Amino acid sequence: QAHAKVWHLYNDHFRPAQRGKVSIALSSHWIKPQHMTEKNIKECQKSLDFVLGWFAKPIFIDGDYPESMKSSLSSLLPEFSEAEKKYIKGTADFFALSFGATLSFQLLDSHMKFQQLESISLRQLLYWINSEYNNPQIFIVENSWFVSGTTKKDDAKYIYYLKKFVMETLKAIRYDGVNVFGYTVWSLLDGFEWHRGYSIRRGLFYVDFQSHDKKLIPKSSVLFYQKLIEKNGFPPLPENQPIEGIFPCGFAWGIVDNYIQVDTTPAQFLDSSVYVWDVHQTKKLIKVDGVYASKRKRHCVDFAAIRLQISLLQEMHVTHFHFSLKWSLILPLGNLSLINHTLVHYYQCFASELLRVNITPVVALWQPMIENQELPVSLAKYGAWENTETVQAFVEYARFCFTSLGDHVKFWITMNEPSVKNLTYTAGHNLLKAHAKVWHLYDKEFRRSQKGKISIALQADWVEPACPFSRNDQEVADRILEFDIGWLAEPIFGNGDYPEVMRAWLHRINSVDLYNFHLPYFSEDEKKLIQGSFDFFALSHYTTTLVGSEKEDAVKYDHYLEVQMINDITWLHSPSRAAVVPWGLRKLLKWVKSKYGNVPIYVMANGIDDDQNMVHDKLRVYYIQNYINEALKAYTLDDVNLQGYFVYSFNDKTAPKYGLYSYVANQYEPKPSLKHYREIIGNNGFPGPETPELLCPEEVASCPKCHLFRTRKSLLAFISFIFVAFIVTIFFITYYSKRVERRYK
């Protein structure tokens, strides 16, 4: 009643002269049903009625309280007379909304939730207000998040919640038709937050409450909000717009399967037993004892599993297929004393069948898995990569693989995605030496005859400073990149030693007696051995991470590296919460080029998980489309020497939720993303009307069994000459013999 009287006072006596407007600011939360039942939906409506509708309905609808309140509270709720209803109704020139400043975010009385789930969806609240109160003009007069009371200038968490709320407001305007005409951040500066005291901060300006002068220091959120106001929202950035263009001739379009499906069950044709078909009684085959047919040699067609996998790969139109060998199964004892010849033959057949259909096999010698790191048990049991004996064992294993498979495989990966999160510094040290020794082994003993290439594949997710305006956050991001990628990359592709950032950081934290981490040193000979042991830079990339310097969330804070992991809640996320950030791939490729020069680069794995109930596979289609387009930008605009791109993964059977083929009831079914990837491969990128046509020479299928002929060219030429001379001689003998016969006749 007081509000209504003030509104009428202004309307009758001041509006004509002052031409202003007046309303009441109402605070609200948003609530969603615990289960999508009619009862829970009604409870959500009741929650909003009791919090927001209590004041909003009398003013914006009919001058009376919500029916849910009247029926639940009965005599406790006063009644308006008909005159009061008419007097209160319509006493607002706009809907002033406060969201997040007081009521929301765990500050609402639990009884007001009616056993439903509180949510921070501002867009849904705006849509509800628009529908419930006849499309009013809405002015958001208070909206914010908060950060820890210990956070100072770099308030990244605040920035990304602010970004989320402004984005949701923009979506409500653009897509939902909600009439929002203003937005106000809460608040200007840090202050006393009622029952939370000084334990949290909401201000755009930092205040040191212990200081005498209480000087105001602008936080990173000030710069973010300033830029937001200047741009009046989020206009499309030119660098984020898709481009048209194509990749070069010979670009490797691939697919990844960590481990191919191995089924070495003998075919029925290898059974030398003789059977009789009992057509009268049992209707079954009966083995004839003591009678055997002649045995024949094994052939690749005996492996039925290979034919199926090859046919599925052909459907994709890929040019390369990347998979890993199982060291622990090929050499179960970790040495050549016991060899699984059947498995080796299976791999030989698989590789040769790939070549037969013009698909290049890309084979990794080792890929770490959870159990025993996919090492032979004898090696895993005695220290794994901590033990230097594993280094020599890996070299001998590699020699065996090059000898057995080298005629079929020309594209080798020594180690695929060694996880730095699970490596000790000693293990990483030995791993680098093992890789280098294997590279030199191939280079000296196999490259000339097999004419292949070999390198290591590193996992390389991009790391971005959470506060783009913060020098501290940039330093943290640079540090994490060196620890995550540079640790293994710098010795091989750089100067032969570990990144200086790593050594300096470990020296600093060891000096304060909190840790005792020893990063080993390479000898000069070892540096020479490791440096340059590559033919290309292979990387796996899946997502991008934000990092900050301010400790905000203890669960996501790394004390060892002094880094806070931050989540941008406006990013698209997969069901497993992996962020979809296509531009991160382009930044990573540029970073690799800037660090290690114009090295040939292959993106050996790039993929996202899905919800297996999603029929249209929309997230992966979006992911593949945009990540490949960012790769094209790196190649076209940044002059990155990008040679190939591989999607992860082949199928859901071997990599659940990541496959381009689903696997249900022993059947493989192509997902929509497979068709989309196939179209991109067919176009060799994203050609447009003005894209110049690229005429690529047709590639001739390689023939591994022709290796003998390629290495005996002189002998073949001589034999050919003798054969031709023989034919010519026979021709002349026959010709002149007939002439002589005619003469005598």
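Checking the stated criteria, Leu432 turns out to be touching a residue at least 60 places away in the same chain (Cβ under 8 Å), assigned to a helix (DSSP H, G or I), of a type outside the set (Asp, Glu) and surrounded by 24 or more Cβ atoms within 10 Å (Cβ to Cβ).
Here segment 4-25 is the region considered, the condition is being open to solvent by less than 80 Å² (accessible area, probe 1.4 Å) and of a type in the set (S, T, N, Q), and the residue that is farthest from Ala56 (Cα to Cα) is Asn11.
Residues in segment 43-59 that are open to solvent by 50 Å² or more (accessible area, probe 1.4 Å) and more than 43 Å from the chain's Cα centre (by Cα) were compared, and the one that is farthest from Lys70 (Cα to Cα) is Phe55. Go through the residues of segment 444-455 one by one and say whether even a single one is in contact (Cβ under 8 Å) with a residue 60 or more places away in the chain, hydrophobic (A, V, I, L, M, F, W, C), crowded, with 20+ Cβ neighbours inside 10 Å and not in a loop (DSSP other than H, G, I, E, B). Within segment 444-455, one or more residues are in contact (Cβ under 8 Å) with a residue 60 or more places away in the chain, hydrophobic (A, V, I, L, M, F, W, C), crowded, with 20+ Cβ neighbours inside 10 Å and not in a loop (DSSP other than H, G, I, E, B). Counting only strands (runs of 3 or more DSSP E) that fall entirely inside segment 569-682 and contain at least 1 residues that are among the hydrophobic types (A, V, I, L, M, F, W, C) and under 20 Å from Leu308 (Cβ atoms), the qualifying elements are 642-648, 661-664.
Looking across Ala504, Ala466, Ala489, one residue alone is in the same structural domain as Phe537 (by the TED database), farther than 21 Å from Ile601 by Cα and open to solvent by less than 40 Å² (accessible area, probe 1.4 Å). It is Ala466. When segment 244-262 is limited to residues that are part of a loop (DSSP other than H, G, I, E, B) and surrounded by 14 or more Cβ atoms within 10 Å (Cβ to Cβ), the one that is farthest from the chain's Cα centre (by Cα) turns out to be Val262.
Considered as a group, the residues in segment 200-224 that are basic (Lys, Arg) and over 18 Å from Tyr161 (Cα atoms) include one that is most open to solvent (accessible area, probe 1.4 Å), and that residue is Lys215.
Tallying residues that are open to solvent by 50 Å² or more (accessible area, probe 1.4 Å) and either in contact with a Leu (Cβ under 6 Å, 6 or more places away or on another chain) or in a loop (DSSP other than H, G, I, E, B) (or both) within segment 349-368 yields 1.
One line per residue, one yes/no per condition, for (1) touching a Phe, Trp or Tyr at 6+ places or on another chain (Cβ under 9 Å); (2) open to solvent by 50 Å² or more (accessible area, probe 1.4 Å); (3) closer than 30 Å to Ile624 by Cα:
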site: Ile286; (1), (2), (3): yes, yes, no
site: Ala305; (1), (2), (3): yes, no, yes
site: Gln309; (1), (2), (3): yes, no, yes
site: His317; (1), (2), (3): yes, yes, yes
site: His320; (1), (2), (3): yes, no, yes
site: Trp327; (1), (2), (3): yes, no, no
site: Thr342; (1), (2), (3): no, yes, no
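Residues in segment 311-340 that are more than 22 Å from Trp385 (Cα to Cα), free of Cβ contacts under 8 Å to residues at least 60 places away in the same chain and touching a helix residue (DSSP H, G or I) at 6+ places or on another chain (Cβ under 9 Å): Asn340 alone.
Scanning segment 588-618 for residues that are aliphatic (A, V, I, L, M) and at pLDDT below 95 yields Met614, Val615.
A quick yes/no check of all residues on (1) touching a Pro at 6+ places or on another chain (Cβ under 7 Å); (2) of a type in the set (D, E, K, R):
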{"position": "Glu490", "(1), (2)": "yes, yes"}
{"position": "Tyr498", "(1), (2)": "yes, no"}
{"position": "Asn510", "(1), (2)": "no, no"}
{"position": "Lys527", "(1), (2)": "no, yes"}
{"position": "Tyr542", "(1), (2)": "no, no"}
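Annotation for segment 371-383: no member residue is modelled with pLDDT of 95 or more and aromatic (Phe, Trp, Tyr).
Matching residues to (1) buried (at least 20 other Cβ atoms within 10 Å of the Cβ); (2) of a type in the set (A, V, I, L, M); (3) over 22 Å from Thr319 (Cβ atoms); (4) touching an Asp or Glu at 6+ places or on another chain (Cβ under 6 Å):
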| residue | (1), (2), (3), (4) |
| --- | --- |
| Gln625 | no, no, no, no |
| Asp639 | no, no, yes, no |
| Phe650 | yes, no, no, yes |
| Pro656 | no, no, yes, no |
| Tyr663 | no, no, yes, yes |
| Ile680 | yes, yes, no, no |
| Asn683 | no, no, no, no |
| Cys696 | no, no, no, no |
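Selection of segment 396-415 for residues being assigned to a strand (DSSP E or B) and of a type in the set (Ser, Thr, Tyr) yields only Thr414.
Within segment 439-462, can one find any residue that is out of contact with any Phe, Trp or Tyr (no Cβ under 7 Å at 6 or more places or on another chain) and over 28 Å from Ala393 (Cβ atoms)? Yes: segment 439-462 contains one or more residues that are out of contact with any Phe, Trp or Tyr (no Cβ under 7 Å at 6 or more places or on another chain) and over 28 Å from Ala393 (Cβ atoms). Counting only helices (runs of 4 or more DSSP H) wholly contained in segment 71-183, the ones carrying 3 or more residues that are assigned by the TED database to the domain that holds Ser27, surrounded by 15 or more Cβ atoms within 10 Å (Cβ to Cβ) and touching a strand residue (DSSP E or B) at 6+ places or on another chain (Cβ under 6 Å) occupy 122-132, 156-174.
For (1) touching a residue at least 12 places away in the same chain (Cβ under 8 Å); (2) more than 17 Å from Ile159 (Cα to Cα); (3) in the same structural domain as Ile456 (by the TED database), each residue gets a yes or a no:
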| position | (1), (2), (3) |
| --- | --- |
| Phe522 | yes, yes, yes |
| Lys527 | yes, yes, yes |
| Ser549 | yes, no, yes |
| Leu561 | yes, yes, yes |
| Trp571 | no, no, yes |
| Ser574 | yes, yes, yes |
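Of the residues in segment 201-220, at least one is farther than 30 Å from Tyr65 by Cβ, part of a helix (DSSP H, G or I) and either assigned by the TED database to the domain that holds Lys587 or at pLDDT 95 or above (or both). Got at least one residue in segment 32-42 being out of contact with any helix residue (DSSP H, G or I) (no Cβ under 7 Å at 6 or more places or on another chain), at negative phi and crowded, with 20+ Cβ neighbours inside 10 Å? Within segment 32-42, none of the residues are out of contact with any helix residue (DSSP H, G or I) (no Cβ under 7 Å at 6 or more places or on another chain), at negative phi and crowded, with 20+ Cβ neighbours inside 10 Å. Restricting attention to segment 398-405, does a residue exist that is in the same structural domain as Met604 (by the TED database) and either under 18 Å from His518 (Cβ atoms) or modelled with pLDDT under 95 (or both)? Among the residues of segment 398-405, not one is in the same structural domain as Met604 (by the TED database) and either under 18 Å from His518 (Cβ atoms) or modelled with pLDDT under 95 (or both), which makes the answer no.
Listed here are the residues, each with its yes/no results for (1) surrounded by fewer than 16 Cβ atoms within 10 Å (Cβ to Cβ); (2) farther than 20 Å from Ala477 by Cβ; (3) not polar (S, T, N, Q).
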position: Glu552; (1), (2), (3): no, no, yes
position: Arg577; (1), (2), (3): yes, yes, yes
position: Tyr596; (1), (2), (3): no, no, yes
position: Ile608; (1), (2), (3): no, yes, yes
position: Lys618; (1), (2), (3): yes, yes, yes
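The values are calculated or read from the model by the stated rules, or taken from the named source; none is laboratory data. Just so it is clear, the structure is predicted and the values come from calculations on it, not from any experiment. Positions of Cβ are generated from backbone atoms using ideal geometry, with glycine treated the same way; all protein chains shown enter the neighbour counts. Only protein heavy atoms, including side chains, enter the accessible area calculation; ligands, DNA and RNA are left aside. Shrake-Rupley method; radii C 1.70, N 1.55, O 1.52, S 1.80 Å.
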